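Presented below is the structure to which this report refers.
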Amino acid sequence: MVGAGDKSTQSSRNVMTQWRNTTQLPVTIHDLDTLVLRVWAKSVEDSSTTEDVENVLWSAFPVNPSSTVTVRVIDFLADGDAPVDLSRHPLVYLSLTDTWNYGRHPLSPTTATLTRFLDRCGTPRVMHIVDLFAHVVYLGALYHFVSWPPYLEPIQVFDTRRTFLVVFSLAKLLRPWTYTALPPLLVFTSFLLNAAYYGVVYNTLTFSMLLFALYLEILLVHFPATPSPLLLLRPDFILPLSILVRRSMSRLLVPTAYFLPGFIASNLMLERAALPSPFNLFSILSLNLSLGPGPIDTATLMVYFTLFFTLFLLLVCTVVYSTIVHPFLATHRLSEPGAGASSERWDRYTDSVGLEARGEYFRAVRQYGTAPYFPTPLNVVQVFVVRIPRSMLVALRRGRAVEAILFIEKGLWRAVVGPISFVVSGLWLWYLRV
């Protein structure tokens with residue numbers, strides 16, 4: 001008698017079943033995309049105002065009738081799960097650009113009040129400006145700290161730079177993690193280890209983490225990682241170019257990573273050979289090679305050096321090879337006739353680059369258009385005052401208390417972020433949708 005476990009094992013090992021599932025998946029996805037596009041075409045046909053299109057993109061729908069989990073069309077667009085033709089539709093870009101500039105329409109039109117005007121000041125582009133300004137201050141503080149570290153000054157109980165960097169990096173880590181979380185993680189870890197404040201020297205591991213974090217932050221400025229100065233320009237002009245550069249860099253650096261582990265290992269072995277104490281891990285990580293020759297004989301030292309030099313040459317050769325080959329992968333090609341001027345600008349470096357660039361723009365609009373948005377580092381207040389209590393109330397199934405927390409969150413935004421958004425929105429002379 002064959003058990004259920006044995007049947008599932010046989011089914012998972014059946015290559016015909018695996019092949020059928022593999023071939024059936026594209027067909028299923030194609031059918032779903034066709035259905036989505038048909039529904040979208042019907043929605044566009046029935047829509048007559050900007051609000052109608054906005055409601056289609058931003059309205060939340062339950063995953064199934066009995067589920068509390070909801071999804072929105074903007075989520076599929078931002079995550080790259082929407083049909084290609086829907087992502088490339090000009091009406092989607094026009095609607096999201098309108099939302100980016102002027103914010104979303106109020107759900108229920110009411111009499112214009114000061115509170116409503118304050119809410120309307122927090123448009124996505126205003127929130128992005130506030131976020132970007134705080135990020136520039138963070139970069140300036142980090143640069144000032146690594147250029148004039150505390151050991152050059154008298155030890156203070158309270159260091160403003162250190163406190164700001166710790167709070168800001170923590171606020172960054174409290175957001176959903178992406179590849180942009182690595183620099184603040186390095187900063188927070190460095191200060192957490194405390195070596196960056198007491199007895200700072202330029203060749204310690206923790207201070208090297210700060211230098212590497214600053215290096216990565218400067219690189220990320222050139223990519224569409226929010227907050228980004230690129231979003232101050234026309235997205236259909238600058239984002240495809242940024243995506244093209246990011247793709248070229250990734251294709252350039254990924255082959256070099258093939259020899260990177262061996263390169264690092266040989267480097268550490270070479271440093272260990274130059275140290276008198278082979279078990280002093282801190283001395284190895286600090287890259288301090290001024291302690292004189294170690295106990296290993298000259299022949300072994302030459303072997304380590306030869307290995308290091310060989311891997312270094314392989315690394316250089318790989319970089320040269322990638323530089324020669326990969327630029328030809330991104331060919332300049334115009335869009336199909338009739339696609340429109342905006343679509344032609346998005347897809348001028350191939351369709352795939354255009355789709356990825358649109359996805360970055362959709363993610364930025366979703367991030368700053370989902371109210372209430374608390375810029376960094378003010379989101380720390382939101383986490384401790386709103387999100388943690390709300391999670392506890394949801395676990396305790398206190399529905400009315402959760403609604404009260406949401407009301408408190410809105411009042412907290414008006415008190416903390418509202419005045420800032422009012423001042424920044426003056427850059428556009430408060431040309432808002434009221």
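The values are calculated or read from the model by the stated rules, or taken from the named source; none is laboratory data. Worth saying up front: this structure is predicted, and the values here are computed from it rather than measured. Here Cβ is always computed from backbone atoms with ideal geometry, including for glycine, and neighbour counts include all displayed protein chains. These area figures cover heavy atoms from the full protein model, side chains too; ligands, DNA and RNA do not enter into them. Shrake-Rupley method; radii C 1.70, N 1.55, O 1.52, S 1.80 Å.
Does Ser12 count as of a type in the set (Gly, Ala, Ser) and either farther than 20 Å from Arg104 by Cβ or modelled with pLDDT under 80 (or both)? Can you show your working first?
Details: of a type in the set (Gly, Ala, Ser): yes; either farther than 20 Å from Arg104 by Cβ or modelled with pLDDT under 80 (or both): yes.
Answer is yes for this residue.
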Review point. Checking Met127 against (1) without any contact (Cβ under 8 Å) to a residue 12 or more places away in the chain; (2) within 27 Å of Thr376 (Cβ to Cβ), which test does it fail?
Key: (1)
Exercise for review: State yes or no: is Val365 within 26 Å of Ala141 (Cα to Cα) and either open to solvent by less than 50 Å² (accessible area, probe 1.4 Å) or part of a helix (DSSP H, G or I) (or both)?
Suggested key: no
Check your understanding: Of all residues in region 368-388, which are closer than 24 Å to Leu118 by Cβ and assigned to a helix (DSSP H, G or I)?
Key -> Tyr368, Gly369, Asn379, Val380, Val381, Gln382, Val383, Phe384, Val385, Val386, Arg387
Revision key, fill the gap. Here the residues within region 61-80 that are touching a helix residue (DSSP H, G or I) at 6+ places or on another chain (Cβ under 9 Å) and in a loop (DSSP other than H, G, I, E, B) are Arg72, Gly80
**Study point:** Residue check for Leu429: modelled with pLDDT under 85 and surrounded by 13 or more Cβ atoms within 10 Å (Cβ to Cβ)
**Key:** no
Practice item. Considering every residue within region 137-153, establish whether at least one is crowded, with 17+ Cβ neighbours inside 10 Å, modelled with pLDDT under 85 and hydroxyl-bearing (Ser, Thr, Tyr). Key: no
Practice item. For residues that are of a type outside the set (Gly, Ala, Ser) and surrounded by 14 or more Cβ atoms within 10 Å (Cβ to Cβ), scanning just region 387-404, find the one that is farthest from Tyr373 (Cα to Cα). Key: Arg398
Review point. Right, Leu216: surrounded by fewer than 18 Cβ atoms within 10 Å (Cβ to Cβ), hydrophobic (A, V, I, L, M, F, W, C) and at pLDDT 90 or above or not?
Key: no
